[in-house]
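Written below as structure tokens is the structure these notes are about.
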Amino acid sequence: MNKMPFPARALALAVVSAALLGGCASFSPDGGFDAVQSATRSHIEKDVVWARDDARRSQTQARVGALLEKPLSADDAVQIALLNNPGLQAAFNTLGIAEADLVTAQRLPNPGFSIGRLTRGSEVEWERSLHLNLARLLTMPMRIEIEQRLFEQTRRELVLNVLRLAADTRKAWIIAVTANQTAQYQQQAMDAAEAGADLARRMAQVGNWSKLRQAREHSFYADAALAVARAEAAKLQARERLVRLMGLPNASRLQLPERLPDLPESLPQLPDVEQQAMDSRIDLQMTRLQTEALAKNLGLTRSTRFINVLELGIINNGSNEKPQQRGYEISFELPLFDWGQSRVVAAESRYRQALERARETAVNARSEVREAYAMQQGQYAIARHLRDEVVPLKQRISEENMLRYNGMLIDVFELLADARSQIASVNAAIQAQRDYWLAESDLQMARVGTPGMMAAPSASSAPAEAAGGH
């Protein structure tokens, strides 16, 4: 029995090895999405759905419609966004792309076939050859490992996208509810200012007031009207941002509660929050996976630096005048001008770049979680102080002034000015309560990934305008 020549044996061995590696190279039923769902539930206890067909899309829309039938809580708004945000649904398709790359890496490279027909007089010669990319075949195990890491990195990135959308939606809900509260109180301030301006006009007409005092009261009213207009614009802007994040076509079905949730009675101390974040942050895990993939890729580049094209082919030539020709050929690129050094240097540079970015990510992560924790504690203290000290004090002052007014010790204008002052303090308390809930959301996000610091719209000027310079 004739022995198989060495190149043919090498080719057969490579094909068998690659076939064993790629034997399970098929697409998973869920495209790897189950891991994204599980991670989402573990972090925020919310459902996330990849609507890849009409049936799932119909189920999702039915669930969204049911949630919109009542005033939305923050959790309901987050759930709608995770089910319905079109940008998130588009991002889920990157998982399909990454899985396709992984499956491609696990499958044997397609062989090439060439056929030629040559004539010399009456002689007709047929050339047939079958060739295979041997370099890709031999590096298949390393390529599979690289693609597996990239696929896992893609899944973690999607989890981070889901959590960021949840945090942004929660903050958008907080800002939208606050804008409604602020608009209501600004309207009350304008009503008080309007009453004062009307009374000042009538008293000036009968000669009991100077034009200067009348102008001051009218200025208070003008400032209050401006504050109302700004509050209404902020309310519209906040609602539309929330609508966009939830993927709704318009705001017609959006119902929001009248006020924010109450502050918690106390905050838990988190002495190990920095270390907890370093252990659980998804962006750090992604950076580690990317660095490991680049390290593997650097090894692959060094291994194949001299071989750009390496092919093994089987030849079968036939002629109508000569016996059949059979054989094999190996083709490769001669490294006369390019020794592959440029590819190695580029791969090394990418690896060093990834290492520095990993270090930067770790430094930023520690700083972000410290900042978020300090902001949460600070905003809670401010909100508690306004709620428990400032607002009750303004209320007591208002009650005392009412008694003085009933005793004819002060006039109505002092009473109206006090009402404006009280409304301004309530507005300040609302803004502080909003800032606390935003800081709380940022802290939760900082513990799992880079927080998208969405600054709250500045409303500090509105209460001052409504107050009118007491």
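The values are calculated or read from the model by the stated rules, or taken from the named source; none is laboratory data. All values reported here derive from a predicted model rather than from experimental measurement. Note that each Cβ is placed from the backbone with ideal geometry, even for glycine, and that neighbours are counted across all protein chains shown. Surface accessibility is based on the protein's heavy atoms, side chains included, excluding ligands, DNA and RNA. Shrake-Rupley method; radii C 1.70, N 1.55, O 1.52, S 1.80 Å.
Can you find even one residue in the stretch 99-122 that is open to solvent by 30 Å² or more (accessible area, probe 1.4 Å), closer than 30 Å to SER38 by Cα, of a type in the set (Val, Ile, Thr) and part of a helix (DSSP H, G or I)? Yes, the stretch 99-122 contains a residue that is open to solvent by 30 Å² or more (accessible area, probe 1.4 Å), closer than 30 Å to SER38 by Cα, of a type in the set (Val, Ile, Thr) and part of a helix (DSSP H, G or I).
ASP223 - would you say it is in contact (Cβ under 8 Å) with a residue 60 or more places away in the chain and open to solvent by 40 Å² or more (accessible area, probe 1.4 Å)? Steps first, please.
Working: in contact (Cβ under 8 Å) with a residue 60 or more places away in the chain: yes; open to solvent by 40 Å² or more (accessible area, probe 1.4 Å): yes.
Considered against the rule, which asks whether it is in contact (Cβ under 8 Å) with a residue 60 or more places away in the chain and open to solvent by 40 Å² or more (accessible area, probe 1.4 Å), ASP223 comes out as yes.
Please indicate, with yes or no, whether at least one residue in the stretch 5-19 is open to solvent by less than 40 Å² (accessible area, probe 1.4 Å), touching a helix residue (DSSP H, G or I) at 6+ places or on another chain (Cβ under 6 Å), outside any helix (DSSP H, G or I) and at pLDDT below 90. So far as the stretch 5-19 goes, no, none of its residues is open to solvent by less than 40 Å² (accessible area, probe 1.4 Å), touching a helix residue (DSSP H, G or I) at 6+ places or on another chain (Cβ under 6 Å), outside any helix (DSSP H, G or I) and at pLDDT below 90. A search for C-beta distances below 6 Å between a residue of the stretch 250-279 that is over 17 Å from PRO71 (Cβ atoms) and part of a loop (DSSP other than H, G, I, E, B) and any residue that is at pLDDT 85 or above and open to solvent by less than 70 Å² (accessible area, probe 1.4 Å), counting only pairs 6+ apart in sequence or on different chains, returns LEU263/ALA383; LEU267/TYR380.
Is it true that some residue in the stretch 250-261 is hydroxyl-bearing (Ser, Thr, Tyr), modelled with pLDDT of 75 or more and buried (at least 16 other Cβ atoms within 10 Å of the Cβ)? No, that holds for no residue.
Counting residues in the stretch 202-217 that are open to solvent by less than 50 Å² (accessible area, probe 1.4 Å), at pLDDT below 90, of a type outside the set (Val, Ile, Thr) and outside any helix (DSSP H, G or I) gives one or more.
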